[in-house]
């Protein structure tokens, strides 16, 4: 069984922030989704305004919700879990001593399968892949981005498109590696291709690899494209 899962939180640090919503759907072998589950979770800390601005969940919404411990067992038991940027879900669940998996990361896999796209967020992929209506019954106007119950539906649609383009073994392998970017999303080369900068300014990519404190995916991408161009 393949289960797509998503969480909303009070922030981005699993050591100090809390899960306040969790949702999932299960993939149907011949296409579609089933067994939708969604619940708010009582927060162990106040929800900051900045977080509410993203998912629109406020303290009053979760005041009488069940605790994380009371709901998590409902979401266990799948053979594989799918999430968009699964390291986020995994890190928050692990912080609560919950280990699910193995994982498929639709974000990392989308970077590999559709490197030409300008963006690879859930919502960008939804529209780029022609899944504005992700599944029947989820019309475009009914989708509320950044709410777990809807994000899992969009992620499931992206996953359906991925399995049309890549082998299962590739999805598993890519999900275990750092994200492989083709374009810069920061700095003086924002919007430029790593491969082009590897040819024109390899010293910059080497600085990223050797001296920067940038995230693993960026370092991995710099190393990858330096090697590719240097062949």
Worksheet entry | Qualifying positions in the range 9-34 - surrounded by 13 or more Cβ atoms within 10 Å (Cβ to Cβ), more than 13 Å from residue 91 (Cα to Cα) and in contact with a strand residue (DSSP E or B) (Cβ under 7 Å, 6 or more places away or on another chain) | 10, 20, 21, 22, 23, 24, 25, 26, 27, 28, 33
Discussion item. Any residue at all in the range 208-215 that's surrounded by fewer than 17 Cβ atoms within 10 Å (Cβ to Cβ) and closer than 22 Å to residue 118 by Cα?
Written reply: yes
Discussion item. Condition (residue is in a helix (DSSP H, G or I), crowded, with 21+ Cβ neighbours inside 10 Å and touching a helix residue (DSSP H, G or I) at 6+ places or on another chain (Cβ under 7 Å)) applied to the range 124-131: is it met by at least one residue?
Written reply: yes
Item to complete: Answer yes or no: is there a residue in the range 22-30 that is outside any strand (DSSP E or B), at pLDDT below 95 and assigned by TED's automatic domain parsing to the domain that holds residue 122.
Response: yes
Practice prompt. For residue 42, indicate whether it is over 18 Å from residue 158 (Cβ atoms), touching a residue at least 24 places away in the same chain (Cβ under 8 Å) and in a helix (DSSP H, G or I).
Written response: no
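Listed residues 80, 159, 68, 92; which is under 19 Å from residue 4 (Cα atoms), surrounded by fewer than 19 Cβ atoms within 10 Å (Cβ to Cβ) and in contact (Cβ under 8 Å) with a residue 24 or more places away in the chain? I'd like the intermediate steps shown before the answer.
On the way: 159 fails: surrounded by fewer than 19 Cβ atoms within 10 Å (Cβ to Cβ); 68 fails: surrounded by fewer than 19 Cβ atoms within 10 Å (Cβ to Cβ); 92 fails: surrounded by fewer than 19 Cβ atoms within 10 Å (Cβ to Cβ).
Within the list 80, 159, 68, 92, the selection yields 80.
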Worksheet item: Do you know which residues across the range 55-88 are in contact with a strand residue (DSSP E or B) (Cβ under 8 Å, 6 or more places away or on another chain), under 19 Å from residue 14 (Cβ atoms) and assigned to a helix (DSSP H, G or I)?
Response: 55, 62, 68, 71, 72, 75, 86, 87, 88
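I need the full set of residues from the range 192-216 which are within 21 Å of the chain's Cα centre (by Cα) and either in contact (Cβ under 8 Å) with a residue 60 or more places away in the chain or over 14 Å from residue 111 (Cβ atoms) (or both), in order please. Outline the logic, then answer.
From the range 192-216, those within 21 Å of the chain's Cα centre (by Cα) are 214-216; that's our starting set.
Within the range 192-216, 214 is the sole residue that qualifies.
The values are calculated or read from the model by the stated rules, or taken from the named source; none is laboratory data. Please read these numbers as outputs of a predicted model, since none were measured by experiment. Glycine also receives a Cβ, built like all others from the backbone with ideal geometry; neighbour counts cover every protein chain displayed.
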